[in-house]
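A short write-up of the structure that comes next.
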Amino acid sequence: MTAEHGPTDAFHFDVAAVGGGIAGLAAAITAAGEGASAVLLEKAPRAERGGNTRFADAQVRFPHDADQYCDRAYTPEEFRRDLIRISGGRASPDLVDALVGRAAETVDWLTALGVEWESGYPHTAGYRRTPVAGGQGLVDLLFRRAEGIGVAVSYETPARELLVDGGRIAGLRAVSPEGPVEVRSPAVVLASGGFQASREMRAAHLGPTAEEVVLRGSRHDTGDGIAIALAVGARPAGQWDGYHAAVIDARSLPVECGVTALYNFQMGIIVDAQGQRFLDEGEDFRDHTYVKFARAIIERAGGKAFCIFDQQAYSRPEFQRGWRPVGPPLMSDTIEGLAGALGLPPRSLAETVRRFNTAVQPGELDFDRLDGKSTRGASPPKSNWALPVEAPPFVALPVTGGITFTFGGLKVDREARVIHESGKPIPGLFAAGELMGELFYDNYPGATSVIRGAVFGRIAGRNAARMRQRP
Ligand SMILES: Cc1cc2nc3c(=O)[nH]c(=O)nc-3n(C[C@H](O)[C@H](O)[C@H](O)COP(=O)(O)OP(=O)(O)OC[C@H]3O[C@@H](n4cnc5c(N)ncnc54)[C@H](O)[C@@H]3O)c2cc1C
């Protein structure tokens, strides 16, 4: 690194990574590992570094054989099929290929850096693991590794503008606590997250129902990287009105609430503020439904719903691992009493439960597979795991949908190059993580965003380091 001091200080690096979540950290560590001088600019102060990644459990989905974490194998074909199916066939085949093809080696890379793993949540068909120390531990470890191999880290330094010279990236302008700075670098990796933390952008792109939603992760992900790339002619891509959300405890903090999600709603029923069911709780594994259910709660139920269980569900040992409420659930020996505690019309809720229970068909209950134990005559149906709500005391949690990240972003190819409106890559500009478009549409297969950030961050870091030779 060299520095020039003047009204605007200028620093010279081979690679500038923008954003200190999984994607930016993976990019900076990889670039430095390739011998490049690298700087990582983080908008947040040190105490708030790590973006959405630090709020996450950071579970990762990747192809693997059966092992000590998962008792069944998950094949690359299954991973590819899940990504394509859950996006309604719209995910970019190129990005899917790169993600599926590189996910396992990227988990090995994280392991080699020191990440320790444990099993993921129950009832996830065996395809995931979790870092023992969660997202916070993952971020802290990667910052230590980055600094250990010489990556310069600058906190409270938001990137504001890209520098372009003769059609090639020449660096960026940022604002540091000491004033404006220029980083002159032949390559920039944008890894600054989606636009979920910008209320204005939520209202403009996601519609009015998303304006007031609970923000689960970082307040700093306000779409900056997307905006500065669009300003130099990058092509927008992906589903700009789509977003990831989770079914969370309605009592969560409005901003940066972290993991307060319910991942066991499929073990009971979900009702709206009128006490009516409005979706098929057992449509698919909950890892493949929680995002669309959260959006249904936001968009169709006015942001207010209630998960209701009986003791057959609540007393199961794995129930507690799939739920992280911020306070105790509400309980009652009668459905009418529960309705009273939740502020729901008692007669309506009692009738919903009665009709549901009558519709439940016999069959073997098995939460680890799509067991086909369903309802007949209920509307909407419950297609799997239909268990009557009959064993008191009944348990309920008020829930809402909390936004996690947005699906729309930049057109990026499998080499993490940002594509210009002309259809050609912008030389020297790379992007990784949430701000990439074209992987997720309408829904999301659980545990794929941290691994996406790591996979494309590494690809971006390696290719950015190579820009020193100006290919
Ligand atoms: C509660 C919660 C639970 C989750 N659980 C999981 C899970 O188990 N598995 C999974 O796969 N995904 C999970 N996710 C989603 C996943 O964590 C994120 O999508 C992923 O980690 C995003 O990584 P990223 O590097 O793209 O962005 P981030 O981690 O958000 O990092 C972006 C960084 O860019 C910085 N930044 C923003 N603007 C600028 C700027 N102008 N200049 C410099 N820096 C800037 C931000 O401060 C931030 O540090 C969860 C998310 C949350 C909130």
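The values are calculated or read from the model by the stated rules, or taken from the named source; none is laboratory data. The structure displayed is predicted, hence computed values, not measured ones. Note that each Cβ is placed from the backbone with ideal geometry, even for glycine, and that neighbours are counted across all protein chains shown.
I want to confirm something. Restricting to segment 409-420 and keeping residues that are in contact with a Leu (Cβ under 9 Å, 6 or more places away or on another chain) and closer than 15 Å to A227 by Cα, which single residue is surrounded by the fewest Cβ atoms within 10 Å (Cβ to Cβ)?
Taking segment 409-420 as the starting set, the residues that turn out to be in contact with a Leu (Cβ under 9 Å, 6 or more places away or on another chain) are 409-410, 412-414, 417-420.
From what is left, the residues that are closer than 15 Å to A227 by Cα are 409-410, 412, 418-420.
Numbers: G409: 31, L410: 24, V412: 34, V418: 31, I419: 20, H420: 18.
Filtering first and then ranking leaves H420.
Restricting attention to segment 1-30, the residues being more than 15 Å from the ligand (Cβ to nearest atom) and modelled with pLDDT of 95 or more number 2. In segment 311-329, the residues that are under 12 Å from V395 (Cβ atoms) form Cβ pairs under 6 Å with partners that are part of a loop (DSSP other than H, G, I, E, B) and not aromatic (F, W, Y), at six or more places apart or across chains, as follows: Q311/A391; Q312/L387; Q312/A391; A313/G268; F319/N264; W323/N264. In this structure, is G428 surrounded by 18 or more Cβ atoms within 10 Å (Cβ to Cβ) and farther than 25 Å from R324 by Cα? Yes; evaluated as a whole, the condition is true for this residue. Scanning segment 51-84 for residues that are of a type in the set (A, V, I, L, M) and away from the ligand (no atom under 16 Å from the Cβ) yields a count of 3.
Name the residue, out of G408, G433, G457, that is more than 8 Å from the ligand (Cβ to nearest atom) and either under 10 Å from the mean Cα position of the chain (by Cα) or not aromatic (F, W, Y) (or both). Reasoning before the result, please.
Numbers: G433 fails: more than 8 Å from the ligand (Cβ to nearest atom); G457 fails: more than 8 Å from the ligand (Cβ to nearest atom).
Going through G408, G433, G457 in turn, just one is more than 8 Å from the ligand (Cβ to nearest atom) and either under 10 Å from the mean Cα position of the chain (by Cα) or not aromatic (F, W, Y) (or both): G408.
Checked against the criterion of being away from the ligand (no atom under 15 Å from the Cβ), touching a residue at least 60 places away in the same chain (Cβ under 8 Å) and over 30 Å from L162 (Cα atoms), the candidates S37, S87 yield just one match: S87. Can you say whether G377 is closer than 26 Å to R295 by Cα and assigned to a strand (DSSP E or B), as far as the supplied structure shows? Spelling it out, it is not the case that G377 is closer than 26 Å to R295 by Cα and assigned to a strand (DSSP E or B). Per the listing D108, D94, the residue uniquely over 28 Å from D71 (Cβ atoms), exposed (fewer than 15 other Cβ atoms within 10 Å of the Cβ) and more than 15 Å from the ligand (Cβ to nearest atom) is D94. Of the numbered criteria (1) more than 25 Å from D368 (Cα to Cα); (2) in contact with a Lys or Arg (Cβ under 8 Å, 6 or more places away or on another chain), the one R61 fails is (1). Tallying residues that are within 11 Å of the ligand (Cβ to nearest atom) and touching a Ser or Thr at 6+ places or on another chain (Cβ under 8 Å) within segment 138-153 yields 2. Taking the numbered list (1) outside the structural domain of A204 (by TED's automatic domain parsing); (2) at positive phi in turn, G423 passes all entries but (1). Exactly one residue among G225, G238 is buried (at least 21 other Cβ atoms within 10 Å of the Cβ), under 21 Å from N443 (Cβ atoms), out of contact with any helix residue (DSSP H, G or I) (no Cβ under 8 Å at 6 or more places or on another chain) and modelled with pLDDT of 95 or more, and that residue is G238. Test of understanding: among E182, E118, E178, E156, which residue is more than 23 Å from the chain's Cα centre (by Cα) and either more than 24 Å from A227 (Cβ to Cβ) or within 11 Å of the ligand (Cβ to nearest atom) (or both)? Just a single option satisfies the conditions, and that option is E156.
Filtering segment 194-227 down to residues that are within 11 Å of the ligand (Cβ to nearest atom) and not in a loop (DSSP other than H, G, I, E, B), which residue is farthest from the chain's Cα centre (by Cα)? For segment 194-227, the residue satisfying everything is A227.
Hand me the list of strands (runs of 3 or more DSSP E) wholly inside segment 255-334 holding 1 or more residues that are crowded, with 17+ Cβ neighbours inside 10 Å and small (G, A, S). Give the derivation first.
Values: elements: 269-272, 305-309, 330-332.
Qualifying strands (runs of 3 or more DSSP E): 305-309, 330-332.
Scanning for something within 13 Å of the ligand (Cβ to nearest atom), touching a residue at least 24 places away in the same chain (Cβ under 8 Å) and within 30 Å of L279 (Cα to Cα), does segment 228-242 turn up at least one residue?
Keep residues of segment 228-242 that are within 13 Å of the ligand (Cβ to nearest atom), which gives 228-229, 231.
Checking the rest, the ones that are also touching a residue at least 24 places away in the same chain (Cβ under 8 Å) come to 228-229, 231.
Checking the rest, the ones that are also within 30 Å of L279 (Cα to Cα) come to none.
No, segment 228-242 has no match at all.
Against the list (1) more than 20 Å from the chain's Cα centre (by Cα); (2) closer than 15 Å to Y441 by Cα; (3) of a type in the set (D, E, K, R), the condition D65 fails is (2).
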